[in-house]
Amino acid sequence: MEMERPTKGVLATGARLVLRGWRVLGWAYVVNLLLGIVAALPLAATISAILNHSLEAGRLAKGFDLGAFFGLLMQPEVKLSTFVPGSFVSSLLYLVFTIFLTGGLLADFRHDQRLSFGAFLDACGTFFWRFVRLLLVLLLALVPVGLLYALLSRWTDKIAENSPRDSVSLWLALGCMVIAALLTSLTVAREWER
């Protein structure tokens, strides 16, 4: 059986679809930017209280100096662990927002004409829980692979410590990543067949 060839280029068709949905992509960008700013403001306030009266600020503002950054992290006032929950919540909110938009975007791409705002939101709501289920299936596939990768990386670290060559750890890590990718693809293919 021979596949039908598209009459127009795939890239041109894809670009046309993306340009048609530029408003939704713009909203996704704006929400991402706002959540990033909200997550970064507490850290920026803490760092500016330290660097506003320091010559180290110039080394970080005019170019990234790793030594100055590590010096900043050594300050007792800067504890990055206090900012992790806010960043995590911001990332989680953006993930939920993106999953919500995905159904509407795909429904919009499927039709030849642009969907109305109500039809777009209806498609977003209709497909939201389906994409959440897909995410959970993906996590079911990735968690065992991640655990296996963690075990293999500990094993490769022990081997690399006892090895006289530095490249052994690199090759073992790459091998573990290939094994993890193969296991992931096999698990996803098995779930796909169901």
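Here Kirkwood radius over Cα pairs in Å was calculated from the structure, and among (1) 21.9; (2) 17.4; (3) 16.6 it sits at label (1). Compared with the dominant Cα axis of the chain, that is its longest principal axis, helix 10-20 is turned about 80°.
What a 1.4 Å probe finds exposed on the range 109-194 is 66% carbon and sulfur by accessible area, rounded to a whole percent. When only alpha carbons are used to place a centre, the range 21-35 and the range 40-93 end up 26 Å from one another.
The angle separating the long axis of helix 84-110 from the principal Cα axis of greatest extent in the chain is about 20 degrees. Nearest 500 deg cm²/dmol is fine: what mean residue ellipticity at 222 nm does the chain get from its DSSP H runs of n ≥ 4 alone, each adding -39,500 (n - 2.57), divided by its residue count? Estimated from H runs of four or more residues: -28000 deg cm²/dmol. The residues of the range 85-194 expose on average 75 square angstrom of accessible surface per residue, using a 1.4 Å probe on protein heavy atoms. Rolled with a 1.4 Å probe across the full set of protein chains, the surface gives Tyr29 an accessible area near 150 Å². Residue-wise HN-Hα couplings along the range 147-158, as the Karplus relation 6.51 cos²θ - 1.76 cosθ + 1.60 with θ = phi - 60° gives them from phi, are 5, 4, 5, 5, 5, 5, 5, 5, 5, 5, 5, 5 Hz; Gly and Pro carry x. The C-alpha atoms of the chain define a longest principal axis, and helix 167-193 lies at about 30 degrees to it.
Of Ala28, Ala119, Ala180, the residue with the greatest mean-square motion in the GNM of the chain, using alpha carbon springs below 10 Å, is Ala180.
The values are calculated or read from the model by the stated rules, or taken from the named source; none is laboratory data. Keep in mind that this is a model prediction, so the values were computed, not measured. The accessibility values were calculated without ligands, DNA or RNA, using every heavy atom of the protein model including side chains. Shrake-Rupley method; radii C 1.70, N 1.55, O 1.52, S 1.80 Å.
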